[in-house]
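**Q** I am attaching a structure below and will ask some questions about it afterwards.
The values are calculated or read from the model by the stated rules, or taken from the named source; none is laboratory data. These numbers were taken from a predicted model, which means no experiment stands behind them. Note that we place each Cβ from the backbone using ideal geometry, even for glycine, and neighbour counts take in every protein chain shown.
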Amino acid sequence: MKKFFLLLPFAVLCSTSFAQINVCEVDETYQDSTAGVYPKPFQEDLGIGGIPDSVCLNTDYKTILNVVISEAIEIGGTAISVNALTLDTVIGLPAGLEYECNIPGCSYTPEDKVGCITLYGQVTDPSFLGDNQITVQATVSSLFDIAIEFPNPLIAPGTYSVHVKEEGADNCTEYVNTNEMESTIRDIKLFPNPAADLVTIEANMDQAGSYKLFVKDILGAVVLERNFETVIGSNSISFSVDNLSNGIYTYAISDGQSIASSKFVVQK
């Protein structure tokens, strides 16, 4: 049944501040990964999965999710070939948020291998404060069309929720436009991803200065914080994930004015 996870148009999320707010770029890191959905729905008993990014009221929001697609799925023990997977809609998004796929019509084929989807926008209505459970509806095209929903208690148990906080709250993901980011930080990348022990972040800077690295868990708690100095051009900083549990984390570097962040997975 695990093969069925590939149907949900979500995979290891990789959120970045360097793209337009409604545009996503496929993370090629996952092109050869095992077909599946990342993050899987949140499972309370395991404390993992779900959408890690929170939304603050009246603040631009963006998160990027990727999907790995296979040529067949298994339903009830029967393998079914996949001609295409089409995302039909996302039910339950707070007003002000919408989604956009990197492929027109949100229709993916096995030849695409990896696709991505952007959830973006701005929530202004305080009635959406708290958890807002969402449901993904899609259609699998094979010899006949199959309608599916996620989460699914038999295939992908758990919940997907977009959590909305008060304006100015801590641990909210805030979109920063390209011009702001490029003033000091050109790009960042972390490897290896998934990580098992030691990881390295590489960043290209337009100026030297004092920066701070911080890592947050799926609930937004800071689990690692470190100060470091940069030079103009290429910089690198390494840290151990030995004390981190398996799961999805956000890492970011900031000089107090600009901030660049993305996601990585700890898998030991």
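**Q** Give me the residue from the stretch 161-178 that is under 23 Å from Pro39 (Cα atoms) and either of a type in the set (Ser, Thr, Tyr) or in contact with a Lys or Arg (Cβ under 8 Å, 6 or more places away or on another chain) (or both) and, out of that set, modelled with the highest pLDDT.
**A** In this case the residue turns out to be Ser161.
**Q** Give the number of residues within the stretch 200-222 that are β-branched (Val, Ile, Thr), buried (at least 17 other Cβ atoms within 10 Å of the Cβ) and assigned to a strand (DSSP E or B).
**A** Step one: filter the stretch 200-222 for residues β-branched (Val, Ile, Thr), giving 200-201, 215, 218, 222.
Then drop every residue that is not buried (at least 17 other Cβ atoms within 10 Å of the Cβ), which leaves 201, 215, 218.
Going one step further and asking which of them are assigned to a strand (DSSP E or B), we end up with 201, 215.
The number of residues fulfilling the criteria is 2.
Quick grid of which residues meet (1) in contact with a His (Cβ under 8 Å, 6 or more places away or on another chain); (2) at pLDDT below 90; (3) part of a strand (DSSP E or B):
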residue	(1), (2), (3)
Thr34	no, yes, no
Leu46	no, yes, no
Asp53	no, yes, no
Ala79	no, yes, yes
Thr86	no, yes, yes
Leu93	no, no, no
Tyr99	no, no, yes
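**Q** Answer with yes or no whether Ala79 is more than 28 Å from Tyr251 (Cα to Cα) and surrounded by 13 or more Cβ atoms within 10 Å (Cβ to Cβ). Step through it out loud before you land on a result.
**A** Numbers: more than 28 Å from Tyr251 (Cα to Cα): yes; surrounded by 13 or more Cβ atoms within 10 Å (Cβ to Cβ): no.
Spelling it out, it is not the case that Ala79 is more than 28 Å from Tyr251 (Cα to Cα) and surrounded by 13 or more Cβ atoms within 10 Å (Cβ to Cβ).
**Q** When the stretch 113-147 is examined, which residues are found to be buried (at least 18 other Cβ atoms within 10 Å of the Cβ) and either among the β-branched types (Val, Ile, Thr) or outside the structural domain of Pro94 (by TED's automatic domain parsing) (or both)?
**A** Val114, Ile117, Thr118, Val123, Ile134, Val136, Val140
**Q** Could I ask something else about it? In the stretch 113-151, which residues are assigned to a loop (DSSP other than H, G, I, E, B), of a type outside the set (A, V, I, L, M) and over 22 Å from the mean Cα position of the chain (by Cα)? Quick ask: steps written out before the conclusion?
**A** Going residue by residue through the stretch 113-151, those that are assigned to a loop (DSSP other than H, G, I, E, B) are 113, 122-125, 129, 134, 142-144, 151.
Those still in the list that are of a type outside the set (A, V, I, L, M) too: 113, 122, 124-125, 142, 144, 151.
Matches in the stretch 113-151: Thr124, Asp125, Ser142, Phe144.
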